[in-house]
Amino acid sequence: MATQPHGQVLVTGAVGGLGTAMVQRLLGEGHTISACDRAQEQAGAWLDKLPADQRARVTFHPLDVTKEDQVNALAATLRGKGVHIAYLVNNAGIHGAGTESRVWERTLRVNTYGTFYLTRVFAPAMKEQRFGRIVNLASLSAYHALGEQGPYAAAKAAITGYTR
């Protein structure tokens with residue numbers, strides 16, 4: 001089992017297919033996890049599905065990544081508890097398709113602003129600790145959009161540009 005000398009892992013979009021798989025893998029590697037998702041009503045059942053012997057290493061935090069004040073409050077709460085996030089997985093995202101302004105707005109806010117808000121708030125402590133890893137999830141759609149995937153493709157392209 002891996003040791004975790006630098007701090008915890010924070011995974012956004014934890015309640016769901018890819019997020020759950022990442023949390024399970026990270027638990028298997030011995031990490032302690034701050035799992036974030038806006039699906040607070042599903043958190044109890046989600047936690048119950050994790051391996052019982054590993055569940056104590058997961059703390060769930062309700063979070064809407066589009067709300068800058070919620071992201072900042074989470075960071076302050078974790079700091080106040082002495083939790084250092086050394087690994088940030090910006091997984092929260094939605095698939096937006098269509099031409100309506102509200103679809104574009106929501107897709108860009110979740111996928112792009114969420115990545116920006118979380119990176120901005122946790123990267124300084126990583127720099128101060130002289131250690132940190134940030135994983136921003138994008139998509140091949142950033143390069144090859146299909147159909148009416150303009151909002152999703154734009155958001156994922158923004159993430160690839162921001163990451164670079």
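Taken together, the values in this text are just the output of simple stated rules run on the coordinates, not laboratory data. Since the structure is predicted, the reported quantities are computational estimates derived from the model, not experimental observations. Counting neighbours? That spans all protein chains shown, and the Cβs are built from the backbone with ideal geometry, glycine included.
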Exercise. With each pseudo-label sitting 7 Å past Cα toward Cβ, what's the residue 72-residue 123 distance in nm, one decimal?
Worked result: 1.8 nm
For this session: Please give the direction-averaged projected area of the C-alpha convex hull for the range 57-163, in square nanometres with one decimal.
Result: 7.3 nm²
